[in-house]
Amino acid sequence: MRILVLLLSFLSLSLPLFSSAPVSGTIGQVAVEIAPGSITEIAIEAAGREYTESWLDDYASDKISFGEAYSEMLSSLLPLSDIIAGEEKNNAVTIMSLADGTVLSFIFRNGRIAAVTPAP
């Protein structure tokens, strides 16, 4: 009986009870399953494209004010490559480029990007 208890204890220590998504020290829980049309999918797609007039048409919630606020920053940072995304929280997604470490948070309103904040 004691051997059985020891064996069960050993097995419970060596096998994880719950599998979980990977965690990044920079962006937190990494999104593993990305739903089509989700803000995570939109953020990854937007971050991987060059920042142009058509980028604003495709992703920005308000082309004029968004362009005035973020054009300089985004034109110098985009496109990103080797992108991973954190889990969606409060209509926002944080993404990171594994190629150069750039981190951006995209804040969404009505399925479009309303604001962008860079990591410090």
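The numbers here are math on the coordinates, done by the rules we state, and not lab data. On a predicted model such as this, the values are computed, not experimentally measured, just so you know. Every residue, glycine as well, gets a Cβ built from its backbone with ideal geometry; the counts of neighbours run over all protein chains shown.
Shape class for the range 81-120, computed from the alpha carbon gyration tensor (a ≥ b ≥ c): prolate, with a/c not under 1.5 and a/b above b/c. Between residue 102 and 97, the built amide H atoms are under 5 Å apart, and every one of these is 5 or more places off in sequence or on another chain. Which stretch or stretches of the range 93-120 have amide N atoms under 19 Å from the point lying 7 Å from residue 68's Cα along the Cα→Cβ direction? Counting backbone N atoms under 19 Å from the label point, the list is 113-117.
Label sites at residue 98 and residue 45, each approximated as a point 7 angstrom past Cα along Cα to Cβ, lie 2.2 nm apart.
Estimated at 0.36 nm per residue, the fully extended path between residue 54 and residue 110 surpasses their Cα-Cα distance by 18.3 nm.
For the range 85-96, the Karplus equation 6.51 cos²θ - 1.76 cosθ + 1.60, evaluated at θ = phi - 60°, returns couplings of 10, x, 5, 5, 9, 6, 6, 9, 9, 9, 10, 9 Hz by residue, with Gly and Pro reported as x. Note on the range 33-90: Kirkwood hydrodynamic radius from all Cα pairs is 12.1 Å, rounded to one decimal.
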